[in-house]
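Colleague: Before I ask anything, let me first share the structure, which is written out below as structure tokens.
No lab work stands behind these numbers, since they all come straight from the coordinates. Small disclaimer: the values here were computed from a predicted structure and weren't measured. FYI the Cβ positions are ideal-geometry reconstructions off the backbone, even for glycines, and counts take in every protein chain you see.
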């Protein structure tokens, strides 16, 4: 295994009853990289993200994240892996409506056993870094889309994951909010955070990623390094 | 096929779990309602039902055959519905080895006919000479084994071939008409049914019409159905409060659960309603789609539930009302009609209110209403919970019920009623058990020894006993011998006398005790044990039936001897015709009488068989009775019916919880997926959802136990009152702290049982599917 590889995927295949979502994908993501996965709808890019996050299991092939072979883990093992190994950002934020912004973020640390006070302190630090400290006591329903996604990013970073996964992180945002989230992801990558994002948005890919992978019909059709556009 | 039906059928097929849940809940609820209504109906008029089933006689009359003839009697009856005349003999069985008292035996060719259609509940009808059928209540106390013989000197030997029951009580036994002639009949029995016999005056009017033309003095005696009913309902009315409370509880639980399930299903479908509107369905069509969607499983569940209710509930109700003589139970048509029509109506009503709300909502609003609502209070509670040191899965679970306050309140109410039922049933079981062990001790630590025949009574015998008892030692020597045996702890000598109580219609048996009455005598509830010749203690049933109280004096007569006895206390015994006196009183009423039995308590560690052998060695004429069975048939019926009803109602309450968790998990699919995506384990998801119901279980337990105790404190005195007894402490004071704590846990058990399966299902939810299905 490549020593600085955070993600190492070998010959990954995922079949559903009536279709093949992934067909022999192999991929390595090194520490500090920002990789964008692009492709048309139904190409298998979200399935690929799910495999890396341990949200779904492959039909064959292996997924090793930060040295952990996900195929060897049971459901509880995968849950424990997700707690500390990765952070996830979703298109639709997926915040709990009945927790305040701060409690949503602190929750991720509390699941690892961090005491509530300590978790909230760490969450407050992240709120400060992300510029949303004045929104900490607001419930998700009263936050703007951009604010919700920042809260989601804060939650994803809460346990200092080795890998940040983002699934269409700007897909549900207006252009201004989308810009802000792009800046945020870029900043994170520039301070060393490994990033893997799935997107339709070419602007997001070229702006945040150093490598773009195009998936078509469950296979990697093209892979290219990009010059980031500032 | 209309668009409404197409959309409704598609919705049913798409929501398989919800459809199944509605179907099962309606099925279980309908079955419960059939049982509840069946209980209420049976409890409302058990005697009337049995009387109607048997075409009971409004009037039983005995005529002197020397003064009138069968033809005369038939002619006098005219158009009145009647049966008979049946020759009637009186048979004294005191000389028989099996003592059955004095039997009124009628000669009948068959058990049917236009009046007094007898129910043969064991064996068969008497068809040949030498056969006899006894009148016994199904499930009543006493041995019900067929084949034993009644042999009376100078009369034909009679073998018991069947047990039948006559609600009218027209006779104690029946033989063939030929056989009764050999028993020397002394009367002709006629049984009448009148068009109107609701009052004593109407019965008297009927009696006048059927005896017109009969020679004067030919009518020996009559028995009105009103008299029979008074006696029957006073003896069996103990069941009525019990049946009614369970019937009402069953109804309320079923209605609550159905309302919860259906309204929850409609609320969960708001988004679907909005989408239909967006497609162009009119508000009326949308509402129709939803009502049809709910009605399909509801109607199916209702029909199956009615069938299941009849199938499963009848044996339970049968058990409960068997004591009334009802052996062929069929629920009145209205019970099934109410279930078949009422349940769908209830379901549609429950669906209508939220569906009407959805009907008026704009499409976009209806679509967004499908997610969980969040009140300020719910958010405040959730915020407070995050500050507690509880594990996060637990604190999140504790906050769930507050997000859907209405649904949680209905679920809580069903858990409360479930716990209330469990508490009441447990209390009733404890009361019945405590009462049984108090009035019918199983005598694990003692033996009953027979010494001879009580004066004026046959000797008590059992097949195991062998030869009848006939003590070889004197009374004093027997007592001395028993006291001297190794292992003897206490000895009580007993004799009994049948006495007439002046001023009343009922006689009484007086038991005279000598020896260790404090250790072996009945428990004195009030007053004191007799300590002189003129004193007696009695059970509350004896006092209540005669309007007596402690301090009153009764006059009793045995043979030629009469004496006054002052009631000095109330004892805890069950038989209303048995009272207790000191041995010194026996010397007044029947001087020189010896003890006919002894109770001997042995010390711990003594082997019963060894002790019994030692008694036989000490006096070979003594006979040791087999150990008693401490239970009563009434107690067994109450306990078994309580347990069954509790299981059914507990299951229905758990189904309510099951449904709530299904709905909550469905609404929170996205939240659950997100929690799993950030590392919540399947076990933690299960814990969270089970905790969400556990909190309702705890609250339900805390509220349900006092309500159950309160119901017990109302029902038990009513049952005791119906039995003309008092609500004594052993009946009332049955709940103790450990039992109450355990009962409070019933709420948690109901909640956890109901929540576990859907919670585990939710824990297995595919995160990828949920989070990307927006």
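Colleague: Provide, for q = 0.26 Å⁻¹, the log10 of I(q)/I(0) from a solvent-free Debye sum over equal Cα point scatterers in region B:561-633.
Modeller: After summing over all Cα pairs, the log10 values are -1.24.
Colleague: Another question, if that's okay. Which one of A:75, A:214, A:133 has the biggest mean-square fluctuation once chain A is modelled by GNM with Cα springs under 10 Å?
Modeller: A:75
Colleague: Ok, one more. From the C-alpha gyration tensor of chain A, pull out the three semi-axes of the equivalent ellipsoid (sqrt of 5λ each), sorted largest to smallest, in whole Å.
Modeller: Ellipsoid half-lengths, sorted descending, are 28, 20, 16 Å.
Colleague: Take peptides B:638-649, B:210-221 and line them up by average Cβ neighbours within 10 Å, highest first, as a rough protection proxy.
Modeller: Final packing ranking: B:638-649, B:210-221.
Colleague: Return the inverse of the average 1/r over all pairs of distinct C-alpha atoms in region B:446-624, which is the Kirkwood hydrodynamic radius, in Å to one decimal.
Modeller: On the way: mean 1/r = 0.0591 Å⁻¹.
Averaging 1/r across every pair of different Cα atoms and inverting gives 16.9 Å.
Colleague: Compute the acute angle (0 to 90°) between the alpha-carbon long axis of helix A:101-110 and the principal axis of greatest extent of the alpha-carbon atoms of chain A; round to the nearest 10°.
Modeller: So the helix axis and the longest Cα principal axis differ by about 60 degrees.
Colleague: Counting only other chains, and only Cβ atoms inside 10 Å, what mean value do you get across the residues of A:91-104?
Modeller: Taking the mean over all residues of the peptide, I get 6.
Colleague: Neighbouring Cβ atoms within 10 Å as the yardstick, rank B:287, B:625, B:343 fewest first. Each step should come with its number before you reach the end.
Modeller: On the way: B:287 22, B:625 18, B:343 26.
If I rank by nearby Cβ atoms, fewest first, I get B:625, B:287, B:343.
Colleague: Build a GNM of chain A with springs between Cα atoms under 10 Å: which of A:207, A:176, A:82 gets the top mean-square fluctuation?
Modeller: Answer for the Gaussian network model of chain A: A:176.
Colleague: Taking every DSSP beta bridge with both residues inside region A:5-225, roughly what % is antiparallel (nearest 5)?
Modeller: 55
Colleague: Would you work out the Kirkwood radius for region A:98-215? I mean one over the mean of 1/r across all pairs of different Cα atoms, in Å.
Modeller: 14.7
Colleague: Only bridges with both residues in the protein assembly as shown count here: give the DSSP antiparallel percent, nearest 5.
Modeller: Just about 70 percent of them are antiparallel.
Colleague: At a threshold of 8 angstrom on Cα-Cα distance, excluding pairs fewer than six apart, so keeping six or more, what relative contact order does region B:59-193 reach in percent?
Modeller: 40
Colleague: Return A:16, B:735, B:598 ranked ascending by Cβ neighbour count within 10 Å, so the fewest neighbours appear first. Don't skip to the end; give the middle numbers.
Modeller: Numbers: A:16 9, B:735 19, B:598 28.
Taking fewest neighbouring Cβ atoms as first place, the list is A:16, B:735, B:598.
Colleague: Averaged over its residues, how many other protein chain Cβ atoms are within 10 Å of peptide B:198-205's Cβ atoms?
Modeller: Across B:198-205, the average partner-chain Cβ count within 10 Å equals 0.
Colleague: Something else now. Starting from the coordinates of the alpha-carbon atoms of region A:23-131, obtain the Kirkwood hydrodynamic radius over all distinct pairs and give the value in Å to one decimal.
Modeller: After inverting the pairwise mean of 1/r, the radius is 16.1 Å.
Colleague: Then there is this: Find the all-direction average of the projected area of the Cα convex hull for the protein assembly as shown, expressing the result in square nanometres with one decimal place. Write out the running numbers ahead of the final one.
Modeller: Values: hull surface 220.6 nm².
Result: 55.1 nm².
Colleague: How would you rank A:121-127, A:143-149, highest first, on the average number of other Cβ atoms within 10 Å across their residues?
Modeller: Working: A:121-127: 18.6, A:143-149: 20.3.
The packing order, highest mean first, is A:143-149, A:121-127.
Colleague: Report Rg/Rh for region B:59-193, rounded to two decimals, where Rg is the Cα radius of gyration and Rh the Kirkwood radius.
Modeller: 0.96
Colleague: List the relative contact order of chain A as a percent without decimals, with contacts defined as Cα pairs under 8 Å and 6+ residues apart.
Modeller: On the way: 459 pairs, mean separation 64.6, N = 230.
Dividing the mean separation by the residue count of chain A yields 28 percent.
Colleague: Among A:34, A:209, A:79, whose mean-square fluctuation peaks in a Gaussian network model of chain A (Cα, cutoff 10 Å)?
Modeller: A:79
Colleague: With 10 angstrom as the radius, rank B:553, B:429 by how many other C-beta atoms surround their C-beta, starting from the fewest.
Modeller: B:553, B:429
Colleague: At 222 nm, what helix-only mean residue ellipticity would the protein assembly as shown give, in deg cm²/dmol to the nearest 500, using -39500 (n - 2.57) for each DSSP H run of four or more?
Modeller: The helix contribution divided over the protein assembly as shown gives -15500 deg cm²/dmol.
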